[in-house]
1. How much FRET efficiency would the formula 1/(1 + (r/R0)^6) give for Ser21 and Met1, where r is the Cβ-Cβ distance and R0 is 22 Å, rounded to 0.05?
2. Based solely on its DSSP helices, what 222 nm [θ] is calculated for the chain when runs of n ≥ 4 H residues each add -39,500 (n - 2.57) and the sum is averaged over all residues, nearest 500 deg cm²/dmol?
3. Using Cβ contacts closer than 10 Å as the measure, can you line up Arg61, Arg49 from fewest to most?
4. For segment 6-93, take the convex hull of the Cα atoms, compute a quarter of its surface area, and give me that in nm², please.
5. Return one number: the angle in degrees, 0 to 90 and rounded to the nearest 10, between the long axis of the Cα atoms of helix 49-70 and the longest principal axis of the Cα atoms of the chain.
6. About its Cα centre, what dipole magnitude does the chain give when the only charges are +1 on Lys and Arg Cβ and -1 on Asp and Glu Cβ, stated in debye to the nearest 20?
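FYI, it's all coordinate maths here, none of it is from the lab. Not measured: the values here are computed from a predicted model. Neighbour counts are summed over all protein chains in view; Cβ atoms, including those assigned to glycine, are modelled from backbone coordinates with ideal geometry.
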Amino acid sequence: MLKKDHFVVGPLIDVYGDLLSSKQRNYLIRYYEDNYTLEEIGEVEGKTRQCVYDVIMRGIRKMEKFEDKLQVIKMRKIISQYELAEADEVSDAG
């Protein structure tokens, strides 16, 4: 089992998944969205569990680097918080 939380990796895949290799993207989607185990992905792909783990971790590190530089997810959160605060002000005034 990987240490990375689904709630952390899911948004990374949504935003940066298309920037990964097809192998990285497919393994990540199978693991985090389709709930395959590392072993199951390995069986389907004809790879070892360790190989699958390494591909997934490289993909996660790559997406984390993109987020560190581009901060798309961080900005989305800030905008969402701003919109919620603005909506609260409007409902309180009304």
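1. Result of the calculation: an efficiency of 0.45.
2. -24000 deg cm²/dmol
3. Fewest-to-most Cβ neighbours within 10 Å comes out as Arg61, Arg49.
4. Answer in nm², one decimal: 6.6.
5. Between the helix axis and the principal axis of the chain, the angle is about 30 degrees.
6. The calculated dipole for the chain is roughly 720 debye.
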